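Just so it is clear, none of the values below were taken in a lab; they were calculated from the coordinates. Computed from a predicted model, the values in this text were never measured in an experiment. Note that we place each Cβ from the backbone using ideal geometry, even for glycine, and neighbour counts take in every protein chain shown.
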Amino acid sequence: MDPFAAARPWAEVIADQVPGLELFDAHTHLGQNDPDGMEQTPQELLSVLEQAGARGAFVFPMHEPHGYAPANDMVIAAALRAGGGLVPFCRLDPEQDPVREAERCLDSGARDQAPPPRGGIQAGPSAAAQHRGAGR
């Protein structure tokens, strides 16, 4: 089954009723190492967004059991190559110097931090950006 073909009639009705509507996916992931077996490359995500007629997406690294620095770098690089279509968020591991990683990612182009995976603790909805704005 082609999900785009199945959803297209509904999307057309909505587009007709809401002129100027632009789709934007508020929660997508990139990565290859998720313990659940989920995988998605930047090219796959961009292809799906194009097929759906979406303007762009917020993008987060998938769960990375061995640390987030390489995954954060990959997401930020993919967003830079996408020319504004992807808005990168970083993920932080509270056991691996999260403040330093947040500052590094924000300096590299991440917009904020993603919620921690699988019920981890987070200081606030945008703790990384709040820390950055507090003058460090």
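Show me 11-19, 24-32 ranked by packing, highest mean number of other Cβ atoms within 10 Å first.
Working: 11-19: 10.2, 24-32: 15.9.
Packing order, densest peptide first, comes out as 24-32, 11-19.
List the GluC sites (Glu not before Pro) in the stretch 27-95 that DSSP assigns to loop (not H, G, I, E or B) and whose Cβ has at most 10 other Cβ atoms within 10 Å. Which are they? Don't skip to the end; give the middle numbers.
Numbers: sites: Glu39, Glu44, Glu50, Glu95; in loops: Glu39, Glu95.
In loop regions of the stretch 27-95 (DSSP not H, G, I, E or B), the sparsely surrounded GluC sites (Glu not before Pro) are Glu95.
In whole angstrom, note down how far apart the Cα centers of the stretch 82-108 and the stretch 5-68 are.
Taking the Cα centre of each part, the stretch 82-108 and the stretch 5-68 sit 20 Å apart.
Give me the distance in nm between label points sitting 7 Å out from Cα along the Cα-to-Cβ direction at Glu39 and Trp10, one decimal.
About 2.9 nm separates the two model spin labels.
Given H placed 1.01 Å from N in the peptide plane, which residues other than close sequence neighbours of Arg111 have an amide H under 5 Å from its amide H?
Phe89, Cys90
How much of the DSSP beta bridge set in the stretch 23-116 is antiparallel, as a percent to the nearest 5? Please list the in-between numbers first.
Details: 1 of 12 bridges.
Percent antiparallel among DSSP bridges in the stretch 23-116 is about 10.
For a quick check: with amide H placed at 1.01 Å from N, whose amide H comes under 5 Å from Leu23's, ignoring anything fewer than 5 positions away on the same chain?
Those qualifying (amide H under 5 Å, at least 5 residues apart or on another chain) are Arg55.
Using the Karplus equation 6.51 cos²θ - 1.76 cosθ + 1.60 (θ = phi - 60°), what ³J(HN,Hα) coupling, rounded to whole Hz, does each residue of the stretch 96-101 give in order, writing x for Gly and Pro?
Using θ = phi - 60°, the values come out as 10, 6, x, 5, 4, 5 Hz.
Taking 8 Å as the Cα distance limit and 6 or more residues as the minimum spacing, I'd like the relative contact order of the stretch 1-103 as a percentage.
On the way: 127 pairs, mean separation 23.4, N = 103.
In percent, rounded to a whole number, it is 23.
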